[in-house]
Amino acid sequence: MAALPRLRLLRHTPRHVHTPSPSCLQRRALTTTTPDGPRIAIIGAGPAGFYSAYRILTRLPTAKIDMYEALPVPYGLVRYGVAPDHPEVKNCQDKFEEVAQHPNFTYLGNLPVGEDPPPPTTTSTTTIETTPNTNPPTPSRHLPLSTLLPHYHALLLAYGASKDRKLGIPGEDTLSGIHSARAFVGWYNGLPEYRHLNPNLEDAEEATIIGQGNVALDVARMLLSPIDRLRVTDITEYALERLSRSRVKRVRVVGRRGLLQTSFTIKELRELLTLPATYFHPLPLPPPDAPPSTTPPPLFPPPTLQSTLPRAQKRLLQILTPHTYPLPHPPPPPPPSVNKSWSLDFHLAPTAFLSQNPQSPSSLTHIKFTQTTYPPDVSPFSPDSRPVLTAHTEVVQAQLALTSIGYLSTEIPGSVRLGIPFNPRMGLVPNERGRVVVPVEAGGGGGSDGGGNSVRVPGVYTSGWVKRGPTGVLASTMFDAFETAEAIVEDWVAGGGEVGFMDYEEDFGFPTTSTTISTSTSSSRRPKLGWEAVQHEVRRRGLRVVGWEGWRRIDEAERGRGAEGKGKVREKFGSVEEMLGVLD
């Protein structure tokens, strides 16, 4: 098999990057020396992809954008990650709908970009020989990235984070009752990948969520919310039915660091504190004369330091101060009128998932934690402080554990062989302001910022979580996407369509044919045909494409299902087959 052609790298120097004057950036649309804009392929139909497309088409209306999405339906994390009881966050879909109506935009759903897994092999237990599978070949499910690259000037990677970071502790992969928060969120939001997750809600009274970000608090709220509050949301009916039978009464939200190092927002905290018939276990408040070396460290800084904190941290302390109790007194018991409770537990690092049930040795029953503290020269209140383990351990009961320690992006299969770098440790594509680069010192690794000494990958860009990591809120993704979009527009305007973009023959070495290349007297660069050329390969592979009108039909069907006797915004289809069935 011939080796795949690799992208030709460009040494990243200032001549490849143009910074327009302020007056140029202030104008809504730009003009170029070429009448035709770039052909751009965006991988991923989530907020990062749509916000990037919106900005590009606003600034460069002649650009033509094809958006490839693995699922038949768009919107990514907005559809499958936003909590069902936060419908206002999904209002951005109106803007995305506006983008989809642009005449130069094409949505291509149900087209996962990557490579099909290798066919299974049959191993004989007697001869220890591996023989090829003789079953008929299965149809292609993925569209190789190499089939897209010749037909676009630019490639924008905006496919988000589809994996979980692991704790790497005993029992994590062997005991039942342990799930990632991402999987649990996908389950109740209808993500087909987790349709059959089957969390043990009916057998668990105590749940522990490891992590203290917004996702962790979303999950806690779903476990504790009165079921009638969820019935009118777009939570899936199968999840609603399981939650109605849940026996979970106690939820712990546990973190390795202190109160001022949490990453959840005030809004998320306030929603949990105001849940009806739900008790929040108060936080310990050491006496004013407590020694600074107290283990575990204090959660609230002294008043002199509180006055210097940023506004958000001050507000956090103001909200939680009424929910404290003074040490050394014991915490007050929950009032008898509540049957559910939750707590924020700090300075605890998980070290093992345990099973202490002889009748069911593979089921989670306890979690072992090690207390953390800070070195003497490290402030326990700095947002950048890193804790260290102590000799003190604590074991808590938990029949359900949900890990919420971060999402992780992965490379598109085959992309590295094509010369597109990926940093597996950080889970992102090395880049500078969205321009994909190979950091020279790191030999192709590096962080989100490739540094000054780097090599540009011409015409390849990135946006969203695969660009910067899974951090921030939706507004962070929007501004991040705008930055990448501006980089694409700047590069196109600076080079008149010729500098810093993918070159069909020079970069990839694919043969030119009359079916994929036409001539243009108005541009010194051969035009790219984008989807008009790629669709031939899609048909040859037997892949089924869902366009925007197909998505609208699915959307209409889901809304109809939700309205039928349920009073819901929609009832999502939980499998790709159900979605495609609407179109048959």
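Data overview
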| quantity | calculated |
| --- | --- |
| Residue 410 vs. criteria closer than 30 Å to residue 198 by Cα, modelled with pLDDT under 90, assigned to a loop (DSSP other than H, G, I, E, B) and not aromatic (Phe, Trp, Tyr) | no |
| Test: residue in region 362-377 that is outside any loop (DSSP other than H, G, I, E, B), of a type in the set (Asp, Glu) and more than 21 Å from residue 167 (Cα to Cα) | no |
| Scope region 172-196; condition in a loop (DSSP other than H, G, I, E, B), open to solvent by less than 40 Å² (accessible area, probe 1.4 Å) and farther than 15 Å from residue 208 by Cα; matching residues | 190, 191 |
| Out of 278, 295, 308, sole residue that is farther than 14 Å from residue 259 by Cα, β-branched (Val, Ile, Thr) and loosely packed, with under 12 Cβ neighbours inside 10 Å | 308 |
| Residue that is nearest to residue 182 (Cα to Cα), among those in region 413-441 that are among the β-branched types (Val, Ile, Thr) and open to solvent by less than 10 Å² (accessible area, probe 1.4 Å) | 429 |
| Top-ranked residue of region 11-62 - restricted to ones that are modelled with pLDDT under 95 and small (Gly, Ala, Ser), ranked as farthest from residue 155 (Cα to Cα) | 23 |
| Close pairs from region 453-477: first under 14 Å from residue 158 (Cα atoms) and in contact (Cβ under 8 Å) with a residue 12 or more places away in the chain, partner open to solvent by 40 Å² or more (accessible area, probe 1.4 Å) and part of a loop (DSSP other than H, G, I, E, B), Cβ under 7 Å, at least 6 apart | 466/159; 467/448; 468/448; 469/426; 469/448 |
| Only one of 72, 103 that is out of contact with any His (no Cβ under 7 Å at 6 or more places or on another chain), open to solvent by less than 20 Å² (accessible area, probe 1.4 Å), part of a loop (DSSP other than H, G, I, E, B) and at pLDDT 95 or above | 72 |
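This table checks each residue for (1) closer than 19 Å to residue 210 by Cα; (2) loosely packed, with under 11 Cβ neighbours inside 10 Å.
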position	(1), (2)
284	no, no
300	no, no
314	no, no
319	no, no
330	no, yes
336	no, yes
347	yes, no
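The values are calculated or read from the model by the stated rules, or taken from the named source; none is laboratory data. Computed from a predicted structure; not experimentally measured. No Cβ is skipped: glycine too gets one built from the backbone with ideal geometry, and neighbour counts run over all protein chains shown. Each accessible area value is taken on the protein alone, full model and side chains, heavy atoms only, with ligands, DNA and RNA left out. Shrake-Rupley method; radii C 1.70, N 1.55, O 1.52, S 1.80 Å.
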